[in-house]
Amino acid sequence: MDDHVLSVLIVDDEILIRQELQMFDWESRGSVLVGEASNGEEALAFCRKYVPDVIITDITMPVMNGLALIRTLKKEFPQIQVVILSCHSDFEYAREALKLGAIGYVVKVMMDDSELEQALVEARRSIEKEKSYSTKKKEEDRWNQSKLLGQLLNHNDSTMLLYTSLADNGLPIVFPLQIVRFYVEAKHGDWLFVDREVRHVLGSYDQDFAWVPVDIGEHFVYFGHQSKDRMPIMQTIEAVISDMHHRLKSIHLHKPECIHIYASISDDVEKPEQFNQAFQEMNLWKNDYFYNSSNRVFLGKPEGTHAIEPKALAVIEEKMKKVIWNQAGLSTFIEGDFLNWAREHRIMPNELKKLVHKWHVLWNEELGDSNDDVILSQHTYQTVTLDEMIAALIHDIYINFGKENKYRPEIRLVMKIIREKISQPLSLSSVAEQVGFSSPYLSRLFSEEVGESFNDYVTRLRMEKAAFLLKNMNLKVYEVAEQVGIPSYRYFSIVFRNWMGVTPLEFKKG
């Protein structure tokens, strides 16, 4: 099975069609949905920044239709594969699109999963034909190395056989050695683009070291020689990280400030049987990076983090409860006592995030927002460093206290409409009409003022309310879906899983 993940862009001016395509199980078909556009012009702007593998596009659209889009794509990006979304009445247009180079079409009214799957299969075939043998061989070797490395980390009983297989696939590992791991953290919407650029930079260093993907955002790097002096390795890694940051500046990212790239170098690993344990220990650097994010390269074994002790918890919670009704006091507490307490005790990041989540529930209950306007922020769960988490907490405290005066009146009105109608279908165009703006203008203004897009803001509020209802109310999942304005059980489950990392049922069961 081919390991290449197809990146897909959807182009359609009908939001219901785009939502239907969002529910398609892209992952199981070896694909990932990387973006949406409502017309050909938006699609071209996207392609000039990111260049997806496949575009699934309607034909009849405003501004620039599908045929014009295909003509331009074939001139500028001939490698992009195009699939047409067609109505029965569009058959002549679909035939013209096929002549222009589209690889197939899917009938809208049927929207059959098997048709879409077959179109992806055809797209994959076309892409593979355009790849050179050397590139394919290198990717195949790296993929095999990744699989073998994964087996090595899970099956100590067949260690030597796996080392032999790694050598046969182009990665001979000789002891003693040092383990080097690269870590890349990015927000969900940026991850695919960041990963592509990171792998491109790593590929440019193929003559200096071997590298193998280990997990999402993680790579094992092997320099192939043992040296007591680790300075040359550190210098090379620093150069790689600098190159990665420089390359990432050239692409548009949703949250560039949330990109974290760092690496760790182990102590000497003398024997094959020590490799597994040493490799797993290196993963603990993620917790240490949470507290030491100013460093880019770490050496040896991590300092370690700890569970929350009951006495320490009682002390910090007593301080928090004294200022719960005061926004300024609560903000000062988070930036002062809480920050110092977390650093002093070096609490495991996940434990710290669970504690903060519990406090969100308490804050909302005390402020009387436990029903319609509840905000259980998931920002803290997505933070990579303590400083990021503190900033997210301060933002959430501001929101919890309803302090929206920093936004212009029109945006405050939009937020009010969203909160009041969160249980109903909401669209940018309908809200824009209520406040007397055009959709493009409101979209740009909202993003500039609030710092996130209109759709992201609505989705976040819906998921935060859904999390509260699932955790605190005796409601079935479909009832929760209806109360947050997503009547489709299937679509709600997909969005919730993407947002929270677990399904609604898993979340409800704790």
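A short reminder: the numbers here are calculations on the coordinates, not readings from a lab. Since we're looking at a predicted model, the values are computed, not measured. Quick reminder, even Gly has a Cβ in these numbers, built from the backbone with ideal geometry, and neighbours come from all protein chains shown.
Modelled spin labels at VAL174 and SER242, positioned 7 Å past Cα toward Cβ, are 3.0 nm from each other. Looking at the chain alone, DSSP beta bridges between its own residues are antiparallel in about 40 percent of cases.
For region 418-510, what's the relative contact order in percent, using C-alpha pairs closer than 8 Å and at least 6 residues apart? Mind dumping the intermediate values first?
Numbers: 81 pairs, mean separation 25.2, N = 93.
Reported relative contact order: 27 percent.
Which FRET efficiency, nearest 0.05, do TYR50 and HIS306 yield, Cβ-Cβ r, R0 41 Å? E between TYR50 and HIS306, to the nearest 0.05, is 0.50. With no solvent and one point per C-alpha, what does the Debye sum give as log10 I(q)/I(0) for region 10-134 at q = 0.11 Å⁻¹? The Cα Debye sum returns log10 ratios of -0.33. Maximal additional length on extending the LEU505-SER293 stretch stands at 72.8 nm, based on 0.36 nm per residue less the C-alpha distance.
A Förster radius of 25 Å combined with the Cβ-Cβ distance from ARG343 to GLU410 puts the calculated FRET efficiency at roughly 0.05. Take every pair of alpha-carbon atoms less than 8 Å apart whose residues are at least six positions apart; their mean separation over the length of region 134-299 yields a relative contact order of 30 percent.
Given the chain, report the % of alpha carbon pairs whose separation exceeds 44 Å. Kindly include the intermediate steps, with their values, before the conclusion.
Details: 30328 of 129795 pairs.
Considering the chain, 23 percent of its Cα-Cα pairs are separated by more than 44 Å.
Can you give the calculated 222 nm mean residue ellipticity of the chain, where each DSSP H run of n ≥ 4 adds -39,500 (n - 2.57) and the sum is split over every residue, rounded to the nearest 500 deg cm²/dmol?
For the chain, the value works out to -16500 deg cm²/dmol.
If R0 is taken as 56 Å, the Cβ-Cβ distance between GLU479 and GLU270 corresponds to a FRET efficiency of 0.40. Normalising the average separation of contacting C-alpha pairs (under 8 angstrom, six or more residues apart) by the number of residues puts the relative contact order of the chain at 8 percent.
Each label was represented as a point 7 Å from its Cα along the Cα-to-Cβ direction; for ILE394 and LEU284 these points are 3.2 nm apart. Panel values: region 409-508, Kirkwood radius from alpha carbon pairs, Stokes-Einstein at 4 °C and 1.567 mPa s, translational diffusion coefficient 92 µm²/s.
Taking a threshold of 29 Å on the Cα-Cα distance, which of the pairs LYS301/LYS354; LYS249/LYS286; LYS286/LYS354; LYS147/LYS465 fall above it?
Details: LYS301/LYS354 26 Å; LYS249/LYS286 24 Å; LYS286/LYS354 17 Å; LYS147/LYS465 40 Å.
Among LYS301/LYS354; LYS249/LYS286; LYS286/LYS354; LYS147/LYS465, the Cα-Cα distance tops 29 Å for LYS147/LYS465.
For region 1-34 versus region 189-247, the inter-centroid distance based on Cα atoms is 29 Å.
Extent of region 134-299 along its three principal axes (Cα atoms, max minus min coordinate, largest first): 44, 37, 27 Å.
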